[in-house]
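Reading through the C-alpha cells given below for one structure.
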Amino acid sequence: MSRSRALIGGAGTGLAAAWWLHHASHDASTASSPHRERWRRWLPLPGLSWASAQAQSLNRRLGGDKTVLSVNEWTTWKLVQTSMESTTARRFLFEPVQDAAEGITVATSTPVEVPPISCVMLRARVDEASDEVAVRPYNPITPRFSDGSLAFVIREYAGGKLSPRLHELRPGDIVEMKGPFEQYRMTAGEHAGRDVVLIAGGTGVTPCYQLIQDLVRRRREGDERRLPARLLLVFANNSELEILMRQDIEALAESSDGYLQIQYVVKEAPLVPAPNITHGLVTREYLQRVLPPPERDPFVLVCGPPGMMEAVSGPKTKDRKQGELSGALKALGYREAHVWKL
Ligand SMILES: Cc1cc2nc3c(=O)[nH]c(=O)nc-3n(C[C@H](O)[C@H](O)[C@H](O)COP(=O)(O)OP(=O)(O)OC[C@H]3O[C@@H](n4cnc5c(N)ncnc54)[C@H](O)[C@@H]3O)c2cc1C
C-alpha cells in the first residue's frame, strides 16, 4: 500500500499531517529518548498480563468525562479478540481500558466516533531492550458510531516495525491510540447523483469500507437525494482466499438493494469462477470494461499498494499530496477532478 507513514492527506488534514510527521519521528525514536522511562512503565510488551498493564495504564491521567479516543492524548486500549483474516492479515477488536479502581471514568458508554474516512494512530513498544516504540496509522472498520470498541484488519509485513508486533498481541494485551484523523470527507450532498467508484488493493479496502458502510446506512435511512447514485467497489487481492473482509462487504452489498456493487480482481486463478471475479490485475483494459466512462463523470477513490497506485492513478507525492494523475485512469480520460488518492 502506498499509504506509507507520512501524512494523512485530504480535506482538512493539514493539522493531522503536521501532527503525524512530528510524532512519527519522535515516537519511533529509540533508546536515548527522554520518554524512555515513561515507556518502560506504560507500554508492556505483548504477552504481559492485562492486570499489570491495567495498573500502569495511561488512563491514570484521564479523568471525568474524557472521551475514549482523542486526537490530543494517547488512550489505552485492550485487545479483546483476534482472528485470522487471511494468511497475512488479522482482525483485531479493542476495547477502551476501564479502570474504575483508580477512580477513572472511561466513557465506555459513549460511542466512538470515527467519521469516514479517518484513521487512528496505534502505538506500541516494539523493542524491550531499547524501549523503542512505533506509531502507525490504521483505518478502523467499525461503524461511525460503534459500541465503544474498535476493530481493525491489519496485514503483517515481514521485517516491519509495528505490524509483526501487533500480530503477536493476545487478548488482554494493550496498545495506545490517538485519533481519529480525517483523510477524506465527503460533505453532505457532495457527489449527489454521481457514480462513486472505490478501487482498493489488499488492506486498502479498510478506508473504502468506512465510506461504503456509511453511505449504505445513510441511503437506508432515506437520504437518497443527497447521496451518490451508485457505488462500485473494485477490490484487488492476491487470490480468492486472500480477499479481506469478504463476508462483511458482501453482507453490506446484499443489504444495499443493488446500491453497492462489487468487482473482485485476483492475481491467482479464482477457485470458483463467478461473474464478478476477474483473474488478473487492475489494468487499463479491465478498468475500461468495469468503470463508468469519464463522460458519466464518476468520482473515483483509489487506495492500494504502491504497484497498484502506480498502475491505476500514479502515486501520491512524498509529502502525501495528491500529485499528478497518471496511470490507467489518466490514459482512459479521467481527470484530476474525478480521482482522489487515499
Ligand atoms: C492512513 C493510513 C491508513 C492505514 N490503514 C491500514 C489498515 O487499516 N490496515 C493495514 O494493515 N495497514 C494500514 N496502513 C499501513 C500501516 O500504517 C503500516 O504502514 C503497516 O502496518 C506497516 O507497518 P510496519 O511498521 O509493520 O512496517 P514498516 O517498518 O513501516 O515497513 C517495513 C517494510 O514493510 C513493507 N511495507 C510497509 N508498509 C507497507 C504497505 N502499506 N504496503 C506494502 N508494503 C509495505 C515495506 O517493504 C517496508 O519497507 C495504513 C497506512 C496509512 C498511511
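Backbone phi angles across the stretch 178-193, fed through the Karplus curve with coefficients 6.51, -1.76 and 1.60 (θ = phi - 60°), yield HN-Hα couplings of 9, x, x, 10, 6, 9, 7, 10, 9, 6, 4, x, 5, 6, 4, x Hz in residue order; Gly and Pro are listed as x. Partners of Lys161 within straight-line reach, counting aspartates and glutamates whose Cα lies under 12 Å from its Cα and excluding those fewer than 8 residues away in the same chain: Asp127, Glu132. Taking a point 7 Å out from the Cα of Ala229 in the direction of its Cβ, the residues of the stretch 305-342 whose backbone N falls within less than 20 Å of it are 333-340. Placing dummy labels 7 Å off each Cα toward the beta-carbon, the span from Glu254 to Gln322 is 3.7 nm.
Once both labels are positioned 7 Å from their Cα atoms along Cα-to-Cβ, the gap between Glu221 and Thr87 label points is 4.1 nm. Protection proxy ranking of 149-162, 260-273, 297-310, by the mean of other Cβ atoms within 10 Å over each peptide's residues and highest first, is 297-310, 149-162, 260-273.
For Arg220, what charge total do you get from the other residues with a beta carbon under 13 Å from its beta carbon, if Lys and Arg give +1 and Asp and Glu give -1? Neighbourhood net charge equals -3.
Amide H to amide H, with H built 1.01 Å from N, Leu227 comes under 5 Å of Gly193, counting only residues 5 or more places away or on other chains. Amide H contacts of Trp340: Val300, Leu301, Val302, each under 5 Å away and 5 or more positions distant or on a separate chain (H built 1.01 Å from N in the peptide plane; Pro and chain starts excluded).
For the pair the stretch 253-325 / the stretch 177-200, the C-alpha centres are spaced 16 Å from each other. Ordering 205-218, 319-332, 123-136 by mean Cβ neighbour count within 10 Å, with the highest value first, yields 205-218, 123-136, 319-332.
Bear in mind that the values in this text are calculations on the coordinates, not laboratory data. Please read all numbers here as calculations on a predicted model, not as lab measurements. In this analysis, Cβ positions are derived from the backbone assuming ideal geometry, glycine residues included, and neighbour counts consider all displayed protein chains.
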